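Just below is one structure, and these are the notes that go with it.
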Amino acid sequence: MEKSEYKQLKEQLLSKRKNGYDRAPEAERAAMEAYCADYKAFLDAGKTERLCAAEVIRLAEQAGYRPYERGQALAPGDKVYRCNRGKAVMLARIGKAPLSQGVQIAAAHIDAPRLDLKPNPLYEDGELAYFKTHYYGGIRKYQWVTVPLELHGVVALADGTSVRVRIGADPGDPRLVITDLLPHLGMEQNKKPLGEAVPGETLNLLLGSRPIGDSEESGRVKLAVMQLLNEKYGITEDDFTSAELEAVPAVTACDIGLDRSMIGAYGHDDRVCGYAALRALLDLEETPARTAVCVLADKEEIGSDGVTGMQSAAFDTFMEDLCEAQGAALRSCYEGSFCLSADVTAAFDPNFAEVFEKRNAAYLNYGIGLCKYTGARGKSGASDADAETVAYVRGLFDRSGVIWQIAELGKVDAGGGGTVAMYMANRNITTLDAGVPVLSMHAPFEVVSKLDCYETYKGMAAVYRAER
C-alpha cells in the first residue's frame, strides 16, 4: 500500500481525537472568557443550594422569567419557572410545538459536598468553643482540615420566621476552621489508612476561645459565642434544632495556571453544568421549536432523595401543570422528550493515572464529556443510554459545532458514581449523561477547563434548539 493511500485510509477510518484548542475557532476565545467570567461570579454568589437557587431566580427574572401559577395559560415564547422550597429550580421556555410532542430537558444539580451542623452543634472543650458537623455527600475528610470555612444557611424559629446566617463571606468577617494534628505528634495517625486518619466526628469547627463571666463558672467560652450569635441573629441554642447551617470553603473562584486556561473553585460539581444549562436557556433569543426545560435539583450528592431531589414528584408536578395548560397528557410528553443529564465527570489526572483507563477517560480541553453510563462495578446505578441516544447527541453536537468527547468514570472496578440520569430515564424520558471533566472532584477546591465549560454551554444550547 502506498504511503499516501495509507494516510488517506487512516484519515478516513480512524478516530481523530484532538485537543479542543486545535479545533475551536480563534474567534470564540473572547466569548469563552466572557462566559467564564460570568460563571465565576455565579459560583461566588451561590456557595450553597439555597444561595444558588436565589441567584438562579435573580438571573432568570432579569431575563424575563416569571413564577408559574397553576392554571395559567401558556403560549409559545412564554418564560416561566418554579422554585421548590428555596433549594431547587425548574424553568421552561415554551416552544412552538405542543408539549404532547415532548420537550428538550437539561437536568443538573446545585447541591455540593459540604459540612452540615448537627442539630445540637455547640459545645466547649479545653476552653475552646466548637460546632459539631455531619458531612454531606462523598468527601475525603482529610481535605477539609485547616481550610478556612464560611457558614451559610437559615435558622427557622418557632414563631414561623426565619433568620439568614452568613459568616465569613464578607470582607473583614471572621472565618472558621477545623484544626489538624501537628506532624511532631502524628506518628500514630500516619499509620492509619487515608480514609481513617481524620474521623468524621473530629470535623469540628473552631468558633472561639475568649471566656466571659466569673472564672469559677463553666462553659464560659460557649456562652460567649452564643451571646455573639444572639446579638447578631437573635437566636438561642435551642434554635439550632430547626436550623440548616452549612460550612463551605471560604474561597473565591479564580483563574488557574500561568496561561489562565482553567478555573479553580468550590462547587464545580455540579454548578458548572447547572450554570451552563441555565445560561443556555436564558440566552435563547428565538422561541424554540420544542419547549426547553432546565432542571436544577437538590440532594444529588446523597442519592437524589427528599422533597427537593430529582426523585421527588416536584418535577412531575411542574411538568404536569405545564401539560394541563395545553391539554396534553404528561405520559405523552415524557415519551417524546429528551434529557441531557448534565453532571460532571472525572478528568484524567497524570498524578493518579493508575485509576483511569486512558482510552476511555475524559481529558481537560477536549470538550464536554458524553457518558453512555455511569454507576459502579457492573454499571450498577446507571441509566446506560442506548446506542441510538448517543448517536442522536453526537450528531446534534457535530451539527452545532460543539467539541465533545466520550468518557467513562475511571477504570472498571476502581470505583464509580451516579447522576440524576436514571431518575429521568425511569420516567420514560430518553436520557444521556454529559458534563464537564473535573480535577480534584469533591475536594474543597476543584479545577475545570475554561474551554470545556464553554463547550458544555454550547452543548446545552444545541439541546434546547433541537427540533427533535
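The values are calculated or read from the model by the stated rules, or taken from the named source; none is laboratory data. Owing to the predicted nature of the structure, the values given are computational and were not obtained by experimental measurement. Cβ atoms come from the backbone with ideal geometry, glycine included; neighbour counts cover every protein chain shown. Ligands, DNA and RNA are stripped out before the accessible areas are found, and what is left, the full protein with its side chains, is counted by its heavy atoms. Shrake-Rupley method; radii C 1.70, N 1.55, O 1.52, S 1.80 Å.
Conditions tested, residue by residue: (1) on the phi < 0 side of the Ramachandran plot; (2) β-branched (Val, Ile, Thr); (3) in contact (Cβ under 8 Å) with a residue 40 or more places away in the chain; (4) not in a loop (DSSP other than H, G, I, E, B).
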{"residue": "332", "(1), (2), (3), (4)": "yes, no, yes, yes"}
{"residue": "340", "(1), (2), (3), (4)": "yes, no, yes, yes"}
{"residue": "366", "(1), (2), (3), (4)": "yes, no, yes, no"}
{"residue": "373", "(1), (2), (3), (4)": "yes, no, yes, no"}
{"residue": "383", "(1), (2), (3), (4)": "yes, no, yes, no"}
{"residue": "394", "(1), (2), (3), (4)": "yes, no, no, yes"}
{"residue": "398", "(1), (2), (3), (4)": "yes, no, no, yes"}
{"residue": "405", "(1), (2), (3), (4)": "yes, no, yes, yes"}
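Out of the residues in the range 131-147 that are touching a strand residue (DSSP E or B) at 6+ places or on another chain (Cβ under 6 Å) and open to solvent by 20 Å² or more (accessible area, probe 1.4 Å), state the one that is farthest from residue 341 (Cα to Cα). This residue is 132. Residues in the range 240-253 that are open to solvent by less than 40 Å² (accessible area, probe 1.4 Å) and either among the hydroxyl-bearing types (Ser, Thr, Tyr) or assigned to a helix (DSSP H, G or I) (or both): 1 in all.
When we screen 186, 208, 234 for residues that are touching a strand residue (DSSP E or B) at 6+ places or on another chain (Cβ under 8 Å) and open to solvent by less than 30 Å² (accessible area, probe 1.4 Å), the only hit is 208.
The rows are residues; the columns are (1) surrounded by 17 or more Cβ atoms within 10 Å (Cβ to Cβ); (2) closer than 24 Å to residue 104 by Cβ.
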residue	(1), (2)
263	yes, no
273	yes, yes
276	yes, yes
279	yes, yes
285	no, yes
295	yes, yes
298	yes, yes
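Is it the case that residue 214 is out of contact with any helix residue (DSSP H, G or I) (no Cβ under 6 Å at 6 or more places or on another chain) and within 21 Å of residue 115 (Cα to Cα)? In short, no. Of all the residues in the range 397-413, those that are open to solvent by 50 Å² or more (accessible area, probe 1.4 Å) and within 21 Å of the chain's Cα centre (by Cα) number 3.
The selection criterion, being farther than 12 Å from residue 275 by Cα and in a helix (DSSP H, G or I), does not hold for residue 24. Could you say whether any residue in the range 3-19 is at pLDDT 95 or above and either of a type in the set (A, V, I, L, M, F, W, C) or touching an Asp or Glu at 6+ places or on another chain (Cβ under 7 Å) (or both)? No, because not a single residue in the range 3-19 is at pLDDT 95 or above and either of a type in the set (A, V, I, L, M, F, W, C) or touching an Asp or Glu at 6+ places or on another chain (Cβ under 7 Å) (or both).
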